[in-house]
1. Quick one: Val90 ticks every box in (1) farther than 24 Å from Pro10 by Cβ; (2) touching a Phe, Trp or Tyr at 6+ places or on another chain (Cβ under 8 Å); (3) away from the ligand (no atom under 16 Å from the Cβ) except a single one, so which number is it?
2. Take segment 119-142 and flag every residue that is in a loop (DSSP other than H, G, I, E, B) and under 21 Å from Tyr82 (Cα atoms).
3. Looking at this structure, is Val173 more than 13 Å from the ligand (Cβ to nearest atom), under 19 Å from Ala21 (Cα atoms) and under 22 Å from the mean Cα position of the chain (by Cα)?
4. Does segment 207-262 hold any residues that are away from the ligand (no atom under 15 Å from the Cβ), modelled with pLDDT of 90 or more and among the basic types (Lys, Arg), and which are they?
5. Determine, yes or no, whether Arg62 is assigned to a loop (DSSP other than H, G, I, E, B), basic (Lys, Arg), more than 16 Å from the ligand (Cβ to nearest atom) and in contact (Cβ under 8 Å) with a residue 12 or more places away in the chain.
6. Considering segment 35-58 alone, what residues qualify as being away from the ligand (no atom under 12 Å from the Cβ) and either over 20 Å from Ile13 (Cβ atoms) or not in a strand (DSSP E or B) (or both)?
7. Can you tell me which of Glu6, Glu25 is modelled with pLDDT of 95 or more and of a type in the set (D, E, K, R)?
Amino acid sequence: MSTNSESKNPYTIQTEPFYLATGGEIELFEAASTACLPVMLKGPTGCGKTRFVEHMAYRLKRPLITVACHEDLFASDLIGRYLLKDDETVWVDGPLTRAVRMGAICYLDEIVEARKDTTVVIHPLTDNRRSLSIDKKGEVIRAHPDFLMVISYNPGYQSVLKDLKQSTRQRFVALTFDYPQPEDEARIVATEGQIDPDTAMRLVTLASKIRNIREQGLTEGASTRLLIYAANLIGSGIAFKRACTAALCQPLTDDDRLQETLNDLIDDLV
Ligand code: ADP
């Protein structure tokens, strides 16, 4: 692909997204991409999965098409549909079809949220057929050699009703993500939140404490994303305690008792 066509592609990432590697994930992803193996990113929300895919798309010089899956997402939303235009019906490719044709990375974020009929579409693309069937057009497309399917999945949210079937999960190489080690996370928060290293470390210390009280009823601990939000608020002049309450405590739970516990954790740090 020429540099010129890459720069014109709206799905090409032009500047390198900052990503701090936390343990061999870059090499593994590169190997999976060379071998055309689909990749599953597992881990809690806000711990760097999306940023990682963006970084890898930039590194591998591949366009990236991201779909945030939700409970009303049907296979046709991924594949495409006929639309009426000036009294004519025209076919419009969906994001997955576009990625399959152009050789992009297709990132299906929170795949378990999507309707079950999407798995029918994904399966032939994630085994050695590497093909996409567009029933409405009677067309079967062979995936471009650079096409790569990446899905993300948060095991913490899953229930009996919403889980990935073995027949789906056993088509992917899995990379497990978690919140980075404290020093790494502080570096990320300082860089992304544009805040001094000491304040970043205080936020990370607070996050570790919050993550430790998960067994008291929190569904999930404070994410790296929320720590960056707190840093952003502090950078805009909000006091540490107020910023932590707004960005770290209140979004996590509506339970008054838990809020009190979280506020006590902040008080210990100020
Ligand atoms: P997820 O997709 O897991 O929900 P994101 O990738 O959106 O989470 O991560 C949230 C934010 O945290 C990112 O926008 C980025 O600012 C930051 N982040 C998390 N992990 C890293 C990392 N390893 N390197 C750089 N930034 C990171």
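The values are calculated or read from the model by the stated rules, or taken from the named source; none is laboratory data. Since this is a predicted model, take the numbers as computed values, not measurements. Note that each Cβ is placed from the backbone with ideal geometry, even for glycine, and that neighbours are counted across all protein chains shown.
1. Going through the list (1) farther than 24 Å from Pro10 by Cβ; (2) touching a Phe, Trp or Tyr at 6+ places or on another chain (Cβ under 8 Å); (3) away from the ligand (no atom under 16 Å from the Cβ), Val90 breaks only (1).
2. Residue satisfying the conditions is Gly138 alone.
3. Details: more than 13 Å from the ligand (Cβ to nearest atom): yes; under 19 Å from Ala21 (Cα atoms): yes; under 22 Å from the mean Cα position of the chain (by Cα): yes.
When the stated conditions are applied, Val173 passes them.
4. Correct list: Lys209, Lys241, Arg242.
5. Considered against the rule, which asks whether it is assigned to a loop (DSSP other than H, G, I, E, B), basic (Lys, Arg), more than 16 Å from the ligand (Cβ to nearest atom) and in contact (Cβ under 8 Å) with a residue 12 or more places away in the chain, Arg62 comes out as yes.
6. Of everything in segment 35-58, those that are away from the ligand (no atom under 12 Å from the Cβ) and either over 20 Å from Ile13 (Cβ atoms) or not in a strand (DSSP E or B) (or both) turn out to be Ala35, Cys36, Leu37, Pro38, Met40, Ala57, Tyr58.
7. The conditions single out Glu25.
Yes/no per residue for (1) of a type in the set (Asp, Glu); (2) farther than 22 Å from Thr34 by Cβ:
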{"position": "Asp77", "(1), (2)": "yes, yes"}
{"position": "Leu84", "(1), (2)": "no, yes"}
{"position": "Met102", "(1), (2)": "no, no"}
{"position": "Arg129", "(1), (2)": "no, no"}
{"position": "Arg142", "(1), (2)": "no, no"}
{"position": "Leu148", "(1), (2)": "no, no"}
{"position": "Asp163", "(1), (2)": "yes, yes"}
{"position": "Val173", "(1), (2)": "no, no"}
{"position": "Thr176", "(1), (2)": "no, no"}
